[in-house]
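Participant: One structure coming up, written as structure tokens, with questions to follow.
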Amino acid sequence: MLKLIPMVLDIKNVETKALKEISQSKSNKSLENLRIKYLGRKSGVLPKITRQIPKLPKEQRNGVGTEINNLRAKLESLLTQKTNPEIATKETGFDITTPGKQIDTGSVHPITTVMDTVKEIFHSLGFSWIDGPEVELDTYNFQKLNMLPNHPARDVQQTYYIDRELLLRTHTSSMQVRYMENHKPPIRVLFPGRCYRRDMPDSTHLPSFYQIEGLLVDNVSQMSDLVGTLDYFAKSFFGKNTKTRVYGHHFAYTEPSIEMEVYYPGKGWLEVLGAGMVNPIVLKNGHIDPNKFRGWAFGMGLDRLALLKYGISDIRILYNNDIRFLSQF
Amino acid sequence: MKVPLSWLKEYVEIKETVEKLSEGLLLSGTKVETIEKTKDDTIFDFEITPNRADCLSVIGIAREIAAIYNRKLTIPAAFTETQNDENRKKAVLKVLDKNLCPFYTIGIIDGIKVGGSPTWLAERLEKSGIRSLSNVVDITNYVMTETGQPMHAFDYDKIEGAMVLRASKAEETVTTLDGVERKLPSGAIIIEDNKKLIDLAGLMGGASSEIDEETQTVVLHVPVYNSLSVRRASQALGLRTEASNRFEKSLDPAAHRYAFERAYSLIKTLCSGKLASKIESICYPPAERHIKLPVGLINKTLGTNIPNEEIRSILARLEFETKPEEKAGQEIITVGIPTFRTDINYPIDLAEEVARIYGYNKFPKTLPTGPLPAFEIKAVDFEEDLKRILVSLGLRETYSGTLTSLAVLGDLGIDNKKCLKVANRLVIDYEYLRPTLLVGLILAAKTNIENFKKFSLFEVGRVFGSEIGKDKLPVQPKRIAAILVGDDFLTAKGVLEGFLKKLHIGEVIFKKAQLVKPYGRELASIYSGDTPIGMFGNIDSKILNKFEIPVSSFAFELDLDILQSKSRESHFIPIPKYPIVKEEISIFLPESLTFETILVNIKKSAGENLYAANLIEDTKIRGERSVLIGLEYYSKKHTLDKNDMERIRNKIINSLRKIGAKPRTS
């Protein structure tokens with residue numbers, strides 16, 4: 001009685017041997033001899049093994065036939081290919097439109113992709129980046145940005161408080177004075193990170209979201225550089241034919257203040273960011289002499305950029321983590 | 001703020017189409033939120049930024065239009081009637097704290113016939129979003145909408161004795177015009193007479209002095225209140241009105257006089273009222289304000305080339321008076337600030353005025369030309385690297401909310417007392433700050449388990465604790481965490497080890513750890529040398545059940561900063577010149593010996609001849625643990641021969657025997 005394991009090993013050995021002999025064979029005649037040796041109906045090696053199968057115990061028969069058939073097909077196609085290379089390529093009969101095996105790949109979240117794109121664009125203008133605290137002191141989030149307690153400008157930024165002094169930062173602008181306190185001009189830096197607003201969640205609002213802030217301070221900066229840089233950014237991010245426009249706005253920490261819109265065909269003008277010249281009061285709070293230095297800053301919502309870039313209409317899907325969403329990126 | 005186009009046209013010529021006009025307003029800083037076209041009019045809804053209290057008025061918007069298009073602004077003529085000598089009555093208002101009401105005008109009007117408003121007035125108010133009530137009340141609202149200056153009319157006959165304005169004490173109550181009895185916080189501004197509170201000043205009038213059909217005489221009070229007091233009271237009471245929205249901003253300190261006169265002229269015409277007292281104005285007119293503007297500042301800041309005449313012309317259109325002077329070769333303009341522009345305090349504020357009227361879109365588009373920071377530009381972003389590695393290992397990146405609920409923390413077995421919590425939650429779902437990234441990852445696993453049997457997710461982000469660090473902030477380290485759903489321990493650990501290897505983290509050691517929820521029993525602390533870098537283990541099966549995840553799941557969470565500090569640069573190690581020799585050894589391990597110990601021993605005993613040692617098989621033979629280890633030896637100096645091999649092997653075997661392992665060489 002044969003045992004399964006030696007038999008399988010036999011098939012493996014047969015395969016190794018046959019492949020070697022075929023590859024070494026140099027004439028059609030010797031190939032024909034090999035065909036008879038392995039596949040010949042009466043005395044071929046494979047038919048011989050096949051005839052042994054019924055003698056195997058039932059539980060060991062499984063799969064042996066298939067294995068032999070696979071090997072037979074492989075040897076036949078190899079022999080044909082060797083004997084007549086031109087025909088062989090035409091006649092393999094393999095359907096090359098059969099889909100390949102699905103390989104599981106990981107994926108990067110679209111917010112990360114958008115963040116990295118923004119970083120890269122500004123990196124080319126000499127900006128580095130640094131992260132900062134999300135639970136922040138009121139003083140960095142508001143007071144040092146020219147928004148004293150009870151300042152009406154605080155109204156537009158519904159705030160989560162931890163206690164009287166601590167809050168969840170409402171914008172990445174909280175990093176402006178923190179950074180200025182530790183760095184002398186020239187400054188070119190980005191502050192990406194998570195921010196919070198005390199809003200009811202809906203398709204355009206979530207209690208937390210991502211922003212990226214940019215800050216430049218030196219002795220020659222001017223507002224036309226800000227407008228030019230933002231236009232350069234929009235063209236790099238949305239495409240080189242992107243149209244932008246800028247209009248007056250108000251932020252307590254910039255003066256003058258602006259917002260920028262990009263033109264989206266079919267949708268019209270869409271607001272993408274707020275910006276302005278750093279208010280001299282803020283420079284002073286950051287221990288920088290406003291008589292010697294000027295600067296500009298901008299801030300934009302990364303979620304919003306992701307929605308625009310990928311045509312997503314509901315911000316909540318960005319944070320649901322449904323693989324059917326994640327796997328699209 | 002809602003403003004009908006027809007009303008605007010009364011003060012300034014408008015030739016533009018509605019679309020052109022709203023574009024012109026937007027570009028100069030007055031955003032049009034919506035445009036509603038009715039059968040005979042167009043109604044704009046403007047978003048007015050909090051600095052521009054002056055634009056919370058029809059005249060304010062008309063003034064902007066006049067400045068943008070360089071047109072003339074015509075506002076209704078002020079009161080011209082010579083004052084009544086008789087002064088039959090006298091308005092007595094005692095302001096106990098001047099800070100609460102620094103400016104005001106007050107006067108008494110009698111002979112009033114209260115009734116409905118004429119249609120034109122009622123319609124204008126309704127188009128502006130204000131309900132028409134009666135002629136006197138409507139006029140006060142009309143003039144507020146027109147000028148931005150709120151005012152209040154009291155029924156003179158309902159007031160007993162002198163009026164006193166003071167700060168409220170806590171727990172005082174007043175019934176306001178809407179019939180609601182309100183318990184006041186301390187510090188709200190109130191007006192009382194001898195007997196009762198008659199006004200919740202700046203917010204809403206009191207019911208006790210309300211104008212009704214019988215009213216014949218009114219006290220008209222046009223104040224500028226302390227904006228902070230109104231704001232605090234408004235927030236404490238949760239009450240916002242058209243009046244409080246204006247009072248809580250910095251109002252024109254001079255407008256009260258004009259607004260009184262304007263209201264009186266309408267009451268006279270529409271309600272046949274007559275002035276019955278002197279018109280008293282306190283602190284009127286206010287001191288003039290000037291700013292010295294070095295003209296050069298404007299173009300230097302803006303990066304533009306606007307001629308000085310144009311700068312002066314723009315300022316003049318905005319009603320700033322300009323007087324040029326020369327000072328040490330520098331041209332300085334003394335700019336007189338109109339009283340309604342309380343937001344203009346510094347030269348830079350004037351740069352914005354010039355810029356927004358000149359037009360930001362006419363600026364040249366330049367790029368920064370200044371010196372680059374000496375600060376090292378991060379060529380490599382650790383976070384980006386780390387994400388790339390995890391993605392290459394087949395994991396998907398997720399972003400979760402950082403705020404979570406007491407219930408979710410409870411299900412995860414996390415003690416909420418150590419968690420940071422917001423003081424003013426809006427909904428219970430967003431109250432606690434996550435103490436671990438596993439909160440979001442386990443929820444994400446729950447989201448996906450219906451559609452996928454096996455998946456791996458990761459997230460990078462901050463977690464929060466309640467203890468306060470040196471910087472006065474609660475601890476909020478950045479972490480990297482992953483969950484492997486439907487995997488086994490060794491596969492999950494393999495992913496983690498592959499990740500750490502790619503990051504070149506040195507001397508990684510796993511040590512059995514004390515139970516920490518939401519992990520289960522197969523839990524390890526991970527160290528790099530002596531430094532703990534995080535945890536790895538299975539998620540407790542009871543917790544998985546709560547989240548309806550029916551398959552075994554593993555997770556790890558590591559500290560990002562520590563990881564970065566332990567991550568080494570990769571250094572090239574020369575590929576061996578001489579052949580590598582491979583062999584396998586089987587070892588029986590008593591329960592007390594860990595694989596880690598075996599490996600350390602092999603490394604130590606083989607020394608520099610060891611190229612690699614890998615676990616090939618880990619089985620139990622007759623109840624005893626048996627491991628098969630593939631060993632690879634080499635030498636940097638020569639080809640290893642049989643004797644060398646024997647020497648190395650013996651060293652390994654002897655050292656293993658010493659610690660109680662039983663090698664079985666074949």
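Participant: Using per-residue counts of other Cβ atoms within 10 Å, averaged over each peptide, order B:358-369, B:253-264, B:608-619 from highest down.
Facilitator: Numbers: B:358-369: 16.0, B:253-264: 22.7, B:608-619: 13.2.
Descending mean neighbour count gives B:253-264, B:358-369, B:608-619.
Participant: Using a 10 Å cut-off on Cβ to Cβ distances, tally the other chain neighbours for every residue of B:348-356 and report the average as a whole number. Can you show the working numbers first?
Facilitator: Numbers: counts 10, 3, 2, 4, 11, 2, 1, 8, 6.
The per-residue average across the peptide is 5.
Participant: List the residues whose amide H sits under 5 Å from the amide H of A:THR170, counting only those 5 or more places along or on another chain, with H placed 1.01 Å from N in the peptide plane.
Facilitator: A:TYR196
Participant: Do the alpha carbons of any pairs in B:LYS249/B:LYS362; B:LYS418/B:LYS454; B:LYS501/B:LYS604 sit beyond 28 Å of each other, and which pairs?
Facilitator: Working: B:LYS249/B:LYS362 32 Å; B:LYS418/B:LYS454 33 Å; B:LYS501/B:LYS604 21 Å.
Among B:LYS249/B:LYS362; B:LYS418/B:LYS454; B:LYS501/B:LYS604, the Cα-Cα distance tops 28 Å for B:LYS249/B:LYS362; B:LYS418/B:LYS454.
Participant: Follow-up. Mind listing the phi-derived Karplus ³J(HN,Hα) values for the range B:99-113, rounded to whole Hz, using 6.51, -1.76 and 1.60 with θ = phi - 60°, and x for any glycine or proline?
Facilitator: Here the 3J(HN,Hα) series is 4, 6, 8, x, 10, 6, 10, 9, x, 10, 10, 10, x, 7, 10 Hz.
Participant: If you don't mind, there's one more thing I want to ask. Report the one residue of B:ASN614, B:TYR527, B:GLY187 whose Cα lies farthest in the direction of the positive end of the charge dipole of chain B (charges on C-beta: Lys and Arg +1, Asp and Glu -1; origin at the Cα centre).
Facilitator: B:ASN614
Participant: Right, next: Which of the aspartates and glutamates could a cross-linker bridge to B:LYS274, judged by Cα under 15 Å and excluding same-chain residues fewer than eight apart?
Facilitator: Qualifying aspartates and glutamates at Cα under 15 Å: B:GLU81, B:ASP85, B:GLU86, B:ASP110, B:ASP155, B:GLU261.
Participant: Which whole number gives the average count of other chain Cβ atoms within 10 Å of the Cβ atoms across peptide A:213-224? Mind showing how you got there, number by number?
Facilitator: On the way: counts 0, 0, 0, 3, 2, 6, 2, 6, 5, 12, 11, 12.
Mean partner-chain Cβ count within 10 Å for A:213-224: 5.
Participant: May I have the pair-distance distribution P(r) for chain B, computed from all Cα-Cα distances with 10 Å bins from 0 and rounded to whole percent?
Facilitator: Taking every Cα pair in chain B, the percentages come to 3, 11, 15, 13, 12, 12, 10, 8, 7, 5, 2, 1, 0.
Participant: Right, here's the next one. Would you tally the net charge around B:GLY202, using a Cβ to Cβ cut-off of less than 10 Å, leaving B:GLY202 out, and scoring K and R as +1, D and E as -1?
Facilitator: Working: positive: B:ARG231, B:ARG246; negative: B:ASP199, B:GLU248.
Overall, the nearby charge balance is 0.
Participant: Counting only residues 5 or more places away or on other chains, whose amide H sits under 5 Å from the amide H of B:TYR519 once H atoms are built in the peptide plane?
Facilitator: So B:TYR519 has HN proximity to B:ASP540.
Participant: Distance between the C-alpha centers of the range A:41-58 and the range A:278-329? Whole Å please.
Facilitator: Here the answer is 72 Å between Cα centres.
Participant: Towards the positive end of the charge dipole of chain B, with charges on Cβ (+1 Lys, Arg; -1 Asp, Glu), say which of B:GLY148, B:SER466, B:ILE106 has the farthest Cα.
Facilitator: Toward the positive end, the furthest listed residue is B:SER466.
Participant: Spelling out what I want: for every residue of the range A:275-288, take phi, set θ = phi - 60°, compute 6.51 cos²θ - 1.76 cosθ + 1.60 (Karplus), and round to whole Hz; glycine and proline get x.
Facilitator: With the stated coefficients, the range A:275-288 comes to 7, x, 7, 4, 4, x, 4, 5, 4, 4, 4, x, 6, 10 Hz.
Participant: Note down the relative contact order for chain B as a percent, whole number, built from C-alpha pairs under 8 angstrom at least six residues apart. Before the final figure, lay out the partial values.
Facilitator: On the way: 1220 pairs, mean separation 58.4, N = 666.
Relative contact order here is 9 percent.
Participant: To the nearest Å, what is the center-to-center distance of the range B:317-335 and the range B:459-496, using C-alpha atoms only?
Facilitator: Computed from Cα coordinates, the inter-centre distance equals 60 Å.
Participant: Follow-up. Taking a threshold of 29 Å on the Cα-Cα distance, which of the pairs A:LYS240/A:LYS267; A:LYS284/B:LYS292; B:LYS2/B:LYS183; A:LYS309/B:LYS478; A:LYS48/A:LYS74 fall above it? Walk me through the intermediate numbers first.
Facilitator: Values: A:LYS240/A:LYS267 18 Å; A:LYS284/B:LYS292 20 Å; B:LYS2/B:LYS183 31 Å; A:LYS309/B:LYS478 27 Å; A:LYS48/A:LYS74 17 Å.
Over 29 Å apart, Cα to Cα: B:LYS2/B:LYS183.
Participant: Whole-Hz ³J(HN,Hα) for each residue in the range B:532-549, computed from phi via Karplus 6.51 cos²θ - 1.76 cosθ + 1.60 with θ = phi - 60°, x for glycine and proline: what do you get?
Facilitator: x, 10, x, 10, 9, x, 7, 8, 3, 5, 5, 5, 4, 4, 4, 9, 6, 9
Participant: Summing +1 for each Lys or Arg and -1 for each Asp or Glu, what net charge is found among the other residues whose Cβ lies under 12 Å from the Cβ of B:GLU213? Write down the numbers at each step before the final one.
Facilitator: Numbers: positive: B:LYS113; negative: B:ASP155, B:GLU210, B:ASP212, B:GLU214.
That sum, taken over residues with Cβ under 12 Å, equals -3.
Participant: Size of the dipole of the protein assembly as shown about the Cα centre, Lys and Arg at +1 and Asp and Glu at -1 on the beta carbon, nothing else charged, in debye to 20? Can you show the working numbers first?
Facilitator: Details: 136 positive and 126 negative charges, 1189 e Å.
In debye, rounded to 20, the protein assembly as shown gives about 5720.
Participant: Give me the Kirkwood hydrodynamic radius of the protein assembly as shown in Å, from all C-alpha pairs, to one decimal place?
Facilitator: On the way: mean 1/r = 0.0285 Å⁻¹.
That comes to 35.1 Å for the protein assembly as shown.
Participant: Turning to a different aspect of this structure: Say we join alpha carbon atoms closer than 10 Å with springs in a Gaussian network model of chain A; which of A:GLY193, A:GLY63, A:GLY228 then has the biggest fluctuation?
Facilitator: A:GLY63
Participant: Enter the per residue convex hull volume of the range B:93-282, computed from alpha-carbon coordinates, in Å³ rounded to the nearest integer.
Facilitator: On the way: hull volume 19.6 nm³, N = 190.
Convex hull volume per residue, Cα atoms: 103 Å³.
Participant: List every residue whose amide H lies under 5 Å from the amide H of B:ARG396, counting only residues 5 or more places away in sequence or on a different chain, with H placed 1.01 Å from N in the peptide plane.
Facilitator: Residues meeting the amide H criterion: A:SER107, B:SER456, B:LEU457, B:PHE458.
Participant: Another question, if that's okay. For the range B:2-93, what does the relative contact order come out to in percent, with C-alpha contacts under 8 Å and a separation of six or more? Intermediate results must be reported in sequence, preceding the final value.
Facilitator: Details: 89 pairs, mean separation 30.5, N = 92.
Averaging sequence separation for qualifying contacts and normalising by length gives 33 percent for the range B:2-93.
Participant: Can you give the net charge of the other residues whose Cβ lies under 15 Å from the Cβ of A:THR139, counting K and R as +1 and D and E as -1? Walk me through the intermediate numbers first.
Facilitator: Details: positive: A:LYS144, A:ARG154, A:ARG164, A:ARG169, A:ARG178, A:LYS284, B:LYS472; negative: A:GLU136, A:ASP138, A:ASP163, A:GLU165, A:GLU181, B:ASP471.
Result for the local shell: +1.
Participant: So, how do all the Cα-to-Cα distances of the range A:256-329 break down into 10 Å bins, in percent, from 0 on up?
Facilitator: 16, 32, 24, 18, 10, 0
Participant: Could you work out the mean count of beta carbons from other protein chains within 10 Å of each residue's beta carbon in B:301-310? Show your work: numbers first, answer last.
Facilitator: Values: counts 9, 7, 9, 3, 1, 0, 0, 0, 0, 0.
Taking all residues of B:301-310 together, the mean is 3.
Participant: OK, next. With a cut-off of 8 Å between alpha carbons and a minimum separation of six or more residues, what is the relative contact order of the range B:289-361 in percent? Write down the numbers at each step before the final one.
Facilitator: On the way: 86 pairs, mean separation 30.9, N = 73.
Reported as a whole number, the value is 42 percent.
Participant: Based on Cα coordinates alone, diagonalise the gyration tensor for chain A, multiply each eigenvalue by 5, take square roots, and list the semi-axes in whole Å, largest first.
Facilitator: Numbers: eigenvalues 1032, 108, 67 Å².
Output for chain A: semi-axes of 72, 23, 18 Å.
Participant: Where is the GNM fluctuation largest for chain A (alpha-carbon springs, 10 angstrom cutoff): A:SER25, A:SER208, A:SER107?
Facilitator: A:SER25
Participant: Next question. Return one number: the angle in degrees, 0 to 90 and rounded to the nearest 10, between the long axis of the Cα atoms of helix B:255-271 and the longest principal axis of the Cα atoms of chain B.
Facilitator: With both axes taken from Cα atoms, the answer is about 60 degrees.
Read-outs: derived from the displayed coordinates by stated rules, not from any lab. Nothing here was measured: the structure is a model prediction, and the numbers come from that model. Every residue, glycine among them, receives a Cβ derived from its backbone with ideal geometry; neighbour counts consider all protein chains shown.
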